[in-house]
Amino acid sequence: MQIEVSLPKEHGLIVVWFNTLIISVFVEKSFPLYGALTLLIMATTFFIYDPILVVLRLFKAGRNPLGTLLRKYPYVILFSGIILIWVLYGYARGMLPGISVAVFIFSLLLFLGFFWLGERKIYTRAISILTLTSFFLIISGAFTTRLTLKSIDIFVILSAVEIFLAAIPVEIVNSRIHKFRFNALLFRSLFPIYVIVLLALYILLIKNLTEFLFFFAITTAAFLSVPILRSMTLKRIGLVATLFNIILLAFLLLFYFKSI
């Protein structure tokens, strides 16, 4: 047995993961034991995400992934089991809202299904982002034993903007691989997502125009940066995406603390 500790290799997903956990900590002022332990347990997903991708790739290729899982990544089984048992335990004891559990499990199952259709498809990446942001509902729900309207708002905003920010580098890479024309990249793929995200944000924040303008600004700036990003190296694209994510996190924290 040769155990390997595998860390995530995809820069964008790492940033989304950190954003989700950071904003989760600041949602409530109280820190009950179950909530604090839930935060620590969900943090183990940082070590199991990449091995799960390896297993899914082996399974999709028609190979038996169980041997690889047991030989290289046995801790994935342990951590995954702990997460599942802990989440179901919290729900059974009334310490975790059912909606949080449902969204988390549904997004995870949805990701497993869409992965089979194509790992680098834009909809697969969107579901992978949703799976990560669903951690917010688990952690914030564990801190409060309920979901507030503010928590739901933050979850929707976080998910919508992160999905769009993640779609940009994915489509740029896909355009390079498949030799897409720039107009096809911009107007066939990214513009519809941009419009859907803004529409969702407007409906959610229709009574909070100032907050909407914050997220409209970052989403629009990201969209308008595509012509520049398209000619950059992947490393530089990652750095720019990180900057947008930091701004998003700052806006979310401002959006939350303003309402306290």
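Under 9 Å between Cβ atoms, which residue pairs at least 6 apart in sequence (or on different chains) link something in segment 82-111 that is touching a residue at least 60 places away in the same chain (Cβ under 8 Å) and within 18 Å of Ile154 (Cβ to Cβ) with a partner that is among the small types (Gly, Ala, Ser) and surrounded by fewer than 19 Cβ atoms within 10 Å (Cβ to Cβ)?
Taking only residues 6 or more apart or on different chains, not a single pair turns up.
Among the residues of segment 197-228, how many are closer than 19 Å to Pro169 by Cα, of a type in the set (Gly, Ala, Ser) and surrounded by 14 or more Cβ atoms within 10 Å (Cβ to Cβ)?
2
Would you tally the residues in segment 125-153 being within 21 Å of Thr45 (Cα to Cα) and open to solvent by less than 30 Å² (accessible area, probe 1.4 Å)?
Residues meeting the conditions: 17.
Which condition from (1) at pLDDT 90 or above; (2) under 17 Å from the mean Cα position of the chain (by Cα) is the one that Leu37 breaks?
Here Leu37 clears every test but (2).
Quick one: is Phe155 aromatic (Phe, Trp, Tyr), in a helix (DSSP H, G or I) and modelled with pLDDT of 90 or more?
Yes, satisfied.
Among the listed residues Phe191, Phe164, identify the single one that is more than 17 Å from the chain's Cα centre (by Cα), modelled with pLDDT of 90 or more and not basic (Lys, Arg).
The unique qualifying residue is Phe191.
Search segment 229-254 for residues being among the basic types (Lys, Arg) and in a helix (DSSP H, G or I), and hand back the single one that is surrounded by the most Cβ atoms within 10 Å (Cβ to Cβ).
Taking the candidates together, the pick is Arg236.
Given the conditions (1) within 19 Å of Leu205 (Cβ to Cβ); (2) in contact (Cβ under 8 Å) with a residue 40 or more places away in the chain; (3) not hydroxyl-bearing (Ser, Thr, Tyr), which single one is not true for Arg120?
Single failed check for Arg120: (1).
The values are calculated or read from the model by the stated rules, or taken from the named source; none is laboratory data. No experiment lies behind these values; they were computed from the predicted model shown. Cβ atoms come from the backbone with ideal geometry, glycine included; neighbour counts cover every protein chain shown. For the accessible areas, the whole protein counts, side chains as well, though only heavy atoms, and no ligand, DNA or RNA atoms are used. Shrake-Rupley method; radii C 1.70, N 1.55, O 1.52, S 1.80 Å.
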